[in-house]
Amino acid sequence: MVLTPCKADVPWAQIKGIIFDKDGTLVDFYPTWIPLYHLALRELARQAPLAAGQDATFAQLLGISGFTDGQRLNPDSPLVHSDPETILRLWGSVLGVHQVDVLEGWVAPVFAEHYLQHLRTPCDLPALCRWLSGRKLALALVTSDSQHYGDAAVKALGIAPWITPVIGSDQGLAAKPDPAMVHACLQRWQLDAARIAVIGDHPKDLQMGRAAGAGRVIGVLSGASSAAELAPWCDEIWPHIGYLRSVLAQV
């Protein structure tokens, strides 16, 4: 278990809002996304196989996506931190298909059918969010995924009543690690950055929090990044967000 000492100067008692990343933070990354990505890449290989055949096409798609062994991803993989359009263009570069709408038409039905079925969480999210709300904490989600899937996830996870706002990567704001999405939450809540915490599983989440001036920045290990990769950018590291309740219970 990794539970690093806290380096933050702002005590939790002064924190009034918490911004969560989605994939790898609220959603356990590997059990949720690896089966989905395999299904999507198999479908792309079926739709536009290279001359070497579908299996070879699938293998090339795995490689360019940053898979290290078919089941694990390099932390720098675009599947970990990029927006959907960037990922589609990457896959299209292998297939020689450069129309994003065509690529989306092939994989969108896969995600629509399987995404919500594959959602896995690191803890009881409704219970956690209900408890946090009871402590008068504002809660938000900011994601590199689309608004559609951000909204769909909070509903499927049973936490929509407590998460406001939900901000996707297609809402006209600069991508992580730019702090624009954090600033949008601060404006919505009318809070200073020093009074909020940012929790994420990727260095870009944490860099976003740092750039915004967040009072606390927390890394979690339910994503694709290691503790060593997160440590330079955060105040402390938890195995997953379930630790939030035990930490705040001591305040």
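The values are calculated or read from the model by the stated rules, or taken from the named source; none is laboratory data. Everything numeric in this text was worked out from a predicted model, so none of it was measured. All Cβ positions, even for glycine, are placed from backbone atoms using ideal geometry, and neighbour counts span all protein chains on display. Heavy atoms of the whole protein, side chains included, go into the accessibility calculation; ligands, DNA and RNA do not. Shrake-Rupley method; radii C 1.70, N 1.55, O 1.52, S 1.80 Å.
What the table below lists for this structure:
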{"item": "Subset of the stretch 39-57 that is assigned to a helix (DSSP H, G or I) and farther than 19 Å from GLY105 by Cβ - its residue that is least open to solvent (accessible area, probe 1.4 Å)", "result": "ALA56"}
{"item": "Residues of the stretch 75-95 that turn out to be outside any helix (DSSP H, G or I) and in contact with a strand residue (DSSP E or B) (Cβ under 8 Å, 6 or more places away or on another chain), as a count", "result": "1"}
{"item": "Long-range neighbours under 8 Å by Cβ, at least six apart or interchain, first residue on the phi > 0 side of the Ramachandran plot within the stretch 135-157, second aromatic (Phe, Trp, Tyr) and assigned to a strand (DSSP E or B)", "result": "none"}
{"item": "Exclusive hit being modelled with pLDDT of 95 or more, open to solvent by less than 40 Å² (accessible area, probe 1.4 Å) and more than 25 Å from GLY223 (Cα to Cα), set LEU95, LEU128", "result": "LEU95"}
{"item": "Filter result for ARG210 (in contact with a Leu (Cβ under 9 Å, 6 or more places away or on another chain) and either in a strand (DSSP E or B) or surrounded by fewer than 20 Cβ atoms within 10 Å (Cβ to Cβ) (or both))", "result": "no"}
{"item": "Scope the stretch 13-36; condition modelled with pLDDT under 95 and aromatic (Phe, Trp, Tyr); matching residues", "result": "PHE29, TYR30, TRP33"}
{"item": "Test: ILE87 is buried (at least 16 other Cβ atoms within 10 Å of the Cβ), of a type in the set (A, V, I, L, M, F, W, C) and either under 15 Å from GLY223 (Cα atoms) or touching a residue at least 40 places away in the same chain (Cβ under 8 Å) (or both)", "result": "no"}
{"item": "Qualifying residue in the stretch 173-187 (condition: surrounded by fewer than 20 Cβ atoms within 10 Å (Cβ to Cβ) and within 30 Å of GLN47 (Cβ to Cβ))", "result": "yes"}
{"item": "Every residue from the stretch 58-74 that is among the hydrophobic types (A, V, I, L, M, F, W, C) and either outside any helix (DSSP H, G or I) or in contact with a Lys or Arg (Cβ under 8 Å, 6 or more places away or on another chain) (or both)", "result": "PHE58, PHE67, LEU73"}
